[in-house]
């Protein structure tokens, strides 16, 4: 399904609300701080798409400073960053200039304008009846095939954790490579979990009582 940020097609956007892990990320085109962008142009690499409530706000500013400083870490993982808010393109420009002058860091990843909330509503970042997006910090981890692999949603008064965003990306890439499972608090280089056995003979043959479903696989190195 195609969505255009220059079109206020709320009816078509509503059909995309309630996206789930495993869904294809709806395509769209929009103006951004780096020029016109289309989501499907990012196929072939990982993408983190995230919304922020508004420019020139305290928590959002700290998030963008942190993400700009970590942009190289995402690039090393073959992952692009893309941000979104209802603010205008020129508001984005002014905010990025302030961030550069105040924090000595340049935000070079694209920030999209979504004044009609078409993209925000299409991704479920904004409820159909809402008039603004000031209550959400949604994040979508999209794989090279364009599939949504993970989602997070933070309230407006709590900022995202950049290390956890990187850990999520590392874990998704590791389990894809090893066809395994990432346990709680997993970090690159630590052991992954194997897929549980699905036949009774393997369950009875396992050395330990939990080995058939809690066995370790190889270590998951960062790609």
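The values are calculated or read from the model by the stated rules, or taken from the named source; none is laboratory data. The model shown is predicted, which means the values in this text are computed figures rather than measured ones. All Cβ positions, glycine included, derive from the backbone under ideal geometry; neighbour counts span all protein chains shown.
Checking the condition in contact (Cβ under 8 Å) with a residue 60 or more places away in the chain, exposed (fewer than 15 other Cβ atoms within 10 Å of the Cβ) and in the same structural domain as residue 59 (by TED's automatic domain parsing), which residue from 147, 118, 136 passes? Break it down into steps so the answer makes sense when it comes.
Details: 118 fails: exposed (fewer than 15 other Cβ atoms within 10 Å of the Cβ); 136 fails: exposed (fewer than 15 other Cβ atoms within 10 Å of the Cβ).
Answer to the selection: 147.
Criterion first (at pLDDT 95 or above, closer than 30 Å to residue 188 by Cα, touching a strand residue (DSSP E or B) at 6+ places or on another chain (Cβ under 9 Å) and surrounded by fewer than 18 Cβ atoms within 10 Å (Cβ to Cβ)) does residue 36 satisfy it?
Considered against the rule, which asks whether it is at pLDDT 95 or above, closer than 30 Å to residue 188 by Cα, touching a strand residue (DSSP E or B) at 6+ places or on another chain (Cβ under 9 Å) and surrounded by fewer than 18 Cβ atoms within 10 Å (Cβ to Cβ), residue 36 comes out as no.
Scan region 155-167 and give yes if some residue there is modelled with pLDDT under 90, in the same structural domain as residue 40 (by TED's automatic domain parsing), in a loop (DSSP other than H, G, I, E, B) and surrounded by fewer than 17 Cβ atoms within 10 Å (Cβ to Cβ), otherwise no.
Restricting attention to region 155-167, the residues satisfying the condition of being modelled with pLDDT under 90 are 155-156.
With the extra rule that they be in the same structural domain as residue 40 (by TED's automatic domain parsing), the set shrinks to 155-156.
Keeping just the survivors that are in a loop (DSSP other than H, G, I, E, B) gives 155-156.
Those left that are additionally surrounded by fewer than 17 Cβ atoms within 10 Å (Cβ to Cβ): 155-156.
Scanning region 155-167 turns up at least one residue that is modelled with pLDDT under 90, in the same structural domain as residue 40 (by TED's automatic domain parsing), in a loop (DSSP other than H, G, I, E, B) and surrounded by fewer than 17 Cβ atoms within 10 Å (Cβ to Cβ).
Looking at 12, 8, which one is surrounded by 16 or more Cβ atoms within 10 Å (Cβ to Cβ), assigned by TED's automatic domain parsing to the domain that holds residue 84, at negative phi and modelled with pLDDT under 95? Lay out the reasoning, then the answer.
Numbers: 8 fails: surrounded by 16 or more Cβ atoms within 10 Å (Cβ to Cβ).
When all the criteria are applied, what remains is 12.
For region 177-199, how many residues are out of contact with any strand residue (DSSP E or B) (no Cβ under 9 Å at 6 or more places or on another chain) and in a helix (DSSP H, G or I)?
1
List the pairs whose first member sits in region 93-109 and is free of Cβ contacts under 8 Å to residues at least 40 places away in the same chain, whose second member is surrounded by fewer than 16 Cβ atoms within 10 Å (Cβ to Cβ) and assigned to a helix (DSSP H, G or I), and whose Cβ atoms are under 8 Å apart, counting only residues at least 6 apart or on separate chains?
Note: pairs meeting the criteria are 106/100.
Which of (1) over 30 Å from residue 90 (Cβ atoms); (2) modelled with pLDDT of 85 or more; (3) part of a loop (DSSP other than H, G, I, E, B) is the odd one out, the single condition residue 222 does not satisfy?
The single condition residue 222 does not satisfy is (2).
Picking from 30, 70, 54, which residue would you name as being within 20 Å of the chain's Cα centre (by Cα), touching a residue at least 12 places away in the same chain (Cβ under 8 Å) and more than 25 Å from residue 143 (Cα to Cα)? First the steps, then the outcome.
Values: 30 fails: more than 25 Å from residue 143 (Cα to Cα); 70 fails: more than 25 Å from residue 143 (Cα to Cα).
Among 30, 70, 54, only 54 is within 20 Å of the chain's Cα centre (by Cα), touching a residue at least 12 places away in the same chain (Cβ under 8 Å) and more than 25 Å from residue 143 (Cα to Cα).
Testing residue 103 on (1) at pLDDT 95 or above; (2) crowded, with 21+ Cβ neighbours inside 10 Å; (3) within 21 Å of residue 53 (Cβ to Cβ), one condition comes back false. Which one is that?
The failed condition is (2).
Go through region 106-129 and give me each residue that's modelled with pLDDT of 95 or more and more than 20 Å from the chain's Cα centre (by Cα).
Answer for region 106-129, where residues must be modelled with pLDDT of 95 or more and more than 20 Å from the chain's Cα centre (by Cα): just 106.
Go through region 162-187 and count every residue that is free of Cβ contacts under 8 Å to residues at least 12 places away in the same chain and within 12 Å of the chain's Cα centre (by Cα).
Residues flagged as free of Cβ contacts under 8 Å to residues at least 12 places away in the same chain and within 12 Å of the chain's Cα centre (by Cα) within region 162-187 amount to 1.
Looking at (1) within 20 Å of the chain's Cα centre (by Cα); (2) in a loop (DSSP other than H, G, I, E, B), which is the only condition residue 207 fails?
Unmet condition: (1).
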